[in-house]
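Notes for the one structure printed next.
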Amino acid sequence: MKKYSVFAIAREAMRGHKGWEEQWSSPEPKKEYDVIIVGAGGHGLATAYYLATVHGITNVAVLEKGWLGGGNTGRNTTIIRSNYLYDESAGIYDHALKLWDGLSQELNYNVMYSPRGVMMLAHNVHDIQVLKRHVHANRLNGIDNEWLTPEAAKEFCPPLNISRDARYPVMGATLQRRGGTARHDAVAWGYARGASVRGVHIIQNCEVTGVKRAPNGAVMGVETTRGFIGAKKVGVVAAGHSSVIMNMAGVRMPLESYPLQALVSEPVKPVFPCVVMSNTVHAYISQSDKGELVIGAGTDQYISYSQTGGLHILQHTLDAICEMFPMFTRMKMLRSWGGIVDVTPDRSPILAKTPVPGLYVNCGWGTGGFKATPGSGHVFAHTIARDDPHPINAPFTIERFRTGRLIDEAAAAAVAH
Amino acid sequence: MLLIRCPYCEEERPELEFRNAGEAHIARSADMAATSDDDFEKFFFIRSNPKGIIYERWRHMHGCARFFNAVRDTVSDRFLLTYKAGEPKPAKLPGAAE
């Protein structure tokens, strides 16, 4: 692998950019691997990367039914934060946040992690109480989060309308300064490049159609559109389709898949310095480095795999955005799209071993998985390599829905991501 | 936005009048206290989440306010059928092969 650097750019500029290599290879699938990862999104590729770098397991295939990073990795709003309420969530999301810091250097790939700050708005007394509780809980867990008065919020984010006459008055806000955004495609590409150079096979356009199990129940491999591929360990990282794959192995999951929509505006000059979220009116917004406003909407109310979603959901979000930021009322929206998110009953992910020996699952990230990508891949690789969860993901079992030991971020109102 | 036919009002109405109420035909145990943890998990948390035909409950919140069941394709979001609560799962779906 040729290292990317300013000298590489200069060298290639002299040679007419003819020397750039493919970032990852596209080999034919082998008959057997040590580990198969189902799903080449950010989480799956990160898992393969850390299997290779941390655990020395390089005989790995990442199977992808479409193209790499073409599912929710390329469809999210790229927001990164770790200010979750519960200790377990704080553990895993802040593990990820620590890895974001330095990820570009580690991967030698600019993932454009930009800790520009994530602000959450309080519009009523209840919001103030809930968000202050989050600030205190976060601080106890060593996570930066602070309370801002409306004036301080306005100073940090000048487009904010803090007028008392606003329809959704801003009564205060929390700010996690380490939160921010990253370039979602680059995360998938960077992990893919790092994994591929260490011998991991990334096999695109290869849909898993079945999971084969031995008479003793253990995993033997997967049936795919490109034939049977054997492996004693299979990690399912298939986001909205996780329950579909798990059903192939005979495991029924506590998951439901919903469309989640997002949209971007036409690109404009820098106008919006940070990420602003409001759980109460369900809107969140940031500005990409290209200049587009990136806006996240809510999920539809029904299970669907259609990757579209209803127009009224977008309209609801845009109504709220225009109320809070009147300067955006005349912006044109360029594109909108939907991704299928797999939601657990407690809105916390599942990263765990399964009742099937050799089968592992990393799913249930719901509406907010992007931010966790490095941490999720890191601890899931550990779970697969050691056949034992990392202490950070140990609480995120499937069994918690039987024992009742939930990680109830749903009740903690982590609605918007 | 979906158009949904309420089997009580016998009318197609916009989705905004309705609330989805999750998977249909999940029977609640008559004796919840005696239900094992395994069975409770299946009843309360485990869902079929199919890619394809789903049997689901809807409530005509801003109409007759009654619950009913629907059969829908989760890939196309097309409704195949709606029927009243308490009626059995339809044996045959419209458009299905003989």
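Miscellaneous remarks
- The calculated FRET efficiency for the pair A:K154 and A:Q105, based on their C-beta separation and a Förster distance of 25 Å, comes to about 0.10.
- In the stretch A:312-334, the residues whose accessible area drops by at least 40 square angstrom when the other protein chains are added to the isolated chain are A:H312; the probe is 1.4 Å and only protein heavy atoms count.
- Counting only Cα atoms, the stretch B:45-98 measures 34, 27, 20 Å along its principal axes, largest extent leading.
- The stretch A:77-158, dipole about Cα centre (Lys/Arg Cβ +1, Asp/Glu Cβ -1), debye to the nearest 20: 140
- Over all projection directions, the Cα-based convex hull of the stretch A:246-403 averages an area of 11.1 nm².
- Once the Cα gyration tensor of the stretch A:54-161 is diagonalised, semi-axes √(5λ) in Å: 33, 18, 14
- Averaging Cα coordinates gives a centre for the stretch A:350-414 and one for the stretch A:241-296; these two points are 20 Å apart.
- Residue separation of A:R405 and A:V54 scaled by 0.36 nm, minus their Cα-Cα distance, works out to 123.3 nm of gained length.
- Only Cα sites of the stretch A:103-160 enter the Debye sum here, all with the same form factor; the resulting log10 I(q)/I(0) across q = 0.22, 0.27, 0.29 1/Å is -0.92, -1.11, -1.18, listed in q order.
- Packing, as the average of other Cβ atoms within 10 Å across residues, places the peptides B:33-39, A:84-90 in the order A:84-90, B:33-39, highest first.
- According to the Kirkwood relation over distinct C-alpha pairs, the hydrodynamic radius of the stretch A:169-267 is 17.5 Å.
- Mean separation of Cα contacts under 8 Å (6+ apart) over length of the stretch A:188-231, as relative contact order %: 26
- Residues losing 10 Å² or more accessible surface upon assembly, the stretch A:241-256, compared with the chain by itself, 1.4 Å: A:H241, A:S243, A:V244, A:N247, A:R252, A:M253, A:P254, A:L255, A:E256
- Mean Cα-pair separation over length for chain A, i.e. relative contact order, pairs under 8 Å, 6 or more apart, %: 22
- Per residue value of the accessible surface for the stretch A:155-197 (all protein chains in place, 1.4 Å probe), Å²: 40
- In the stretch A:148-200, Rg over Rh equals 1.37, where Rg is the alpha-carbon radius of gyration and Rh the Kirkwood radius from pairwise Cα distances.
- A:F7 paired with B:F40, simple spin-label distance in nm, labels 7 Å along Cα-to-beta-carbon: 6.5
- With distances taken between every two different alpha-carbon atoms, the protein assembly as shown has a Kirkwood hydrodynamic radius of 24.2 Å.
- Relative to the longest principal axis of the Cα atoms of chain A, the long axis of helix A:87-100 lies at roughly 80 degrees.
- When the Cα atoms of the stretch B:9-96 are aligned to their principal axes, the ranges along those axes come out at 42, 30, 22 Å in descending order.
- In nm, spacing of pseudo-spin labels at B:R66 and A:A394 (7 Å Cα→C-beta vector): 5.4
- Per residue of A:15-22, other chain Cβ atoms within 10 Å of the residue Cβ number 0 on average.
- Of all DSSP beta bridges confined to the protein assembly as shown, the antiparallel ones make up roughly 75%.
- Interface size, chains A and B: roughly 2200 Å² of accessible area buried, both sides included, 1.4 Å probe, rounded to the nearest 100.
- Surface accessible to a 1.4 Å probe, per residue, for the residues of the stretch A:328-411, Å²: 36
- Around the amide H of A:G210, modelled in the peptide plane, lie the amide H atoms of A:E223, all under 5 Å away and 5 or more residues distant in sequence or on another chain.
- Packing-based ranking, highest mean first, of A:17-23, A:277-283 given that Cβ atoms within 10 Å are counted: A:277-283, A:17-23
- Charged side chains reduced to their Cβ positions (Lys and Arg at +1, Asp and Glu at -1) give the protein assembly as shown a dipole of some 840 debye around its Cα centre.
- Accessible surface of chain A [probe 1.4 Å, protein heavy atoms]: carbon and sulfur percent: 54
- For chain A, the longest principal axis of the Cα atoms and the long axis of helix A:311-324 meet at an angle of about 40 degrees.
- Residue-averaged 222 nm ellipticity for chain A, from DSSP H runs of 4+ at -39500 (n - 2.57), nearest 500: -8500 deg cm²/dmol
- Shielded residues, the stretch B:18-57 - accessible-area loss of 30 Å² or more between chain alone and all protein chains, probe 1.4 Å: B:N20, B:D37, B:E41, B:F45, B:I46, B:R47, B:S48, B:N49, B:K51
- Three semi-axes of the equivalent ellipsoid, the stretch A:210-286, Cα gyration tensor, whole Å, largest first: 42, 16, 10
- Cysteine residues of chain B whose Cβ has no partner cysteine Cβ closer than 4.7 Å: B:C64.
- For chain A, the longest principal axis of the C-alpha atoms and the axis of helix A:125-140 are separated by about 50°.
- Paramagnetic reach from A:R252 in the stretch A:352-375 [backbone N under 17 Å; point 7 Å along Cα→Cβ]: A:355-356
- Using the Cβ-Cβ distance between A:R133 and A:K212 with R0 set to 56 Å, the FRET efficiency from 1/(1 + (r/R0)^6) comes to roughly 0.70.
- Relative contact order computed over the stretch A:296-381 (Cα-Cα under 8 Å; 6+ residues apart), in percent: 21
- More than 24 Å apart - percent of Cα-Cα pairs taken over the stretch A:1-119: 44
- Helices in chain B, meaning DSSP H runs of at least 4 residues, each add -39500 (n - 2.57). Divided by all residues, the mean residue ellipticity at 222 nm is -2000 deg cm²/dmol.
- Shielding value for A:338-348 is 1, the average number of Cβ atoms from other chains within 10 Å of each residue's Cβ.
The values are calculated or read from the model by the stated rules, or taken from the named source; none is laboratory data. Treat the numbers as computed from the prediction; the structure is a model and nothing was measured. Ideal geometry is used to build each Cβ from the backbone, glycine not excepted, and the neighbour counts take in all protein chains shown. Quick note on the areas: whole protein, heavy atoms, side chains included, nothing else; ligands and nucleic acids left out. Shrake-Rupley method; radii C 1.70, N 1.55, O 1.52, S 1.80 Å.
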